[in-house]
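Worksheet for the structure shown next.
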Amino acid sequence: MSSPTRGSPILGHPPRKLWGVFTRKERWGLSWQGWSIVFAGVLLTSCVFLFRVYPFLAVTHRTSANVLVVEGWVHEYAIRAAVEEFRKGSYQRVFSTGGPVEGRYINDYQTSASVGAELLKKYGLADESLQMVPSRVSDRDRTYGSAIALRNWFRQHNLIVPSINIVTENVHARRTRLLFQEALGRNVEVGIIAVPDPGYDPEGWWRFSQGVKDVFNEAVAYIYARFLFYPSEADDHAKPAQASTGPTQ
């Protein structure tokens, strides 16, 4: 019986080279039909993402409410839309929310809540209808921090609010509603109003650099908020900044 030649496989053992450092193993690979299926799947997923992700994130779903909440960090086009929403609806109060504009919290008037309140007045909202509710959260989870500050303000002033509508910018809307609902609880119905950015066409957002940036950043942020965000006990009991109880100054 002849002995196996060098480099030929021994029964039950894969061929080896360089004193056993390398071995040759049989493996399965995709055929052209398999690669066609993978390519079709990737193409279909991309099309679904391109055409469905914007309307998913930039959701508008109003509820019957007499309280309107405006995220104070929004641009002026959204502020104008909020004033128009107040005038067309049956709202009694408007709350401007948001944390420090830059860096750590210093005082109420260096917050997005204050900036938003001033812009709302600039575009015609009556001072007696407006209340700013600043948050002290400046680093991460700012939207949730603003929602907690608003919840605590309601509790401190014994204000029972069964429902609210929130005005925010386009693709931020779904995450805003998710986090405000988490903070306010099931007893408060949260409606949302997404104001589109006039700088690009929502139906062709991928043709604009700002649209791509907005959608991808917000898609990742929503996934984090939906599946990975777990508010700590400290967050849940955080106190809001000492907002004035009357109309804004």
- Message: I'd like the full set of residues that are assigned to a helix (DSSP H, G or I), under 30 Å from residue 220 (Cα atoms) and open to solvent by 10 Å² or more (accessible area, probe 1.4 Å), limited to the stretch 115-143.
- Response: 115, 119, 142, 143
- Query: Limited to the stretch 149-189, what total is found for residues that are over 20 Å from the mean Cα position of the chain (by Cα), part of a loop (DSSP other than H, G, I, E, B) and surrounded by 16 or more Cβ atoms within 10 Å (Cβ to Cβ)?
  - Reply: 1
- Message: The conditions are (1) of a type in the set (Val, Ile, Thr); (2) part of a loop (DSSP other than H, G, I, E, B); (3) touching a Pro at 6+ places or on another chain (Cβ under 9 Å), and residue 97 fails exactly one of them. Which is it?
- Response: (2)
- Of the numbered conditions (1) surrounded by 14 or more Cβ atoms within 10 Å (Cβ to Cβ); (2) of a type in the set (Gly, Ala, Ser); (3) assigned to a loop (DSSP other than H, G, I, E, B), residue 103 satisfies every one except a single condition; which is it? (1)
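The values are calculated or read from the model by the stated rules, or taken from the named source; none is laboratory data. What you are looking at is a predicted structure, and each value in this text was computed from that prediction instead of being measured. Because the Cβ atoms are built from the backbone with ideal geometry, glycine has one as well, and the counts that use them run over all protein chains shown. These accessible areas exclude ligands, DNA and RNA; they are computed on the full protein's heavy atoms, side chains included. Shrake-Rupley method; radii C 1.70, N 1.55, O 1.52, S 1.80 Å.
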